[in-house]
Amino acid sequence: MSRKMTGIVKSFDFKSGKGLIIPSDGRKDVFLHISALRNNESQTLKPGVRVEFYRINGLSGPMAANIFLS
């Protein structure tokens, strides 16, 4: 895994459990899936919420792992 990062949720679709995070270091947006959320607080995962996560390389590009609300 790469280093721990912070970012802001750009979009999240509760129905599909998918969304995007804007990393605070200016890198490319990171894909998120509800299964990577560690606190079971999916109802509070919405655009503008600050999160901490690990950036990993997925099949289609950067993905978030071990997502925590900050």
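The values are calculated or read from the model by the stated rules, or taken from the named source; none is laboratory data. As the structure is a computational prediction, the values presented were derived from the model and not from experiment. Positions of Cβ are backbone-derived with ideal geometry, glycine not excepted, and every protein chain shown enters the neighbour counts. When the accessible area is computed, the model is the full protein with side chains, heavy atoms only, and any ligands, DNA or RNA have been set aside. Shrake-Rupley method; radii C 1.70, N 1.55, O 1.52, S 1.80 Å.
Tabulated data
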quantity: Boolean, SER2 is open to solvent by 30 Å² or more (accessible area, probe 1.4 Å), at pLDDT below 90 and over 9 Å from the mean Cα position of the chain (by Cα); calculated: yes
quantity: Elements of type strands (runs of 3 or more DSSP E) contained in the range 6-67, each with 1 or more residues being loosely packed, with under 15 Cβ neighbours inside 10 Å and not aliphatic (A, V, I, L, M); calculated: 18-23, 50-58
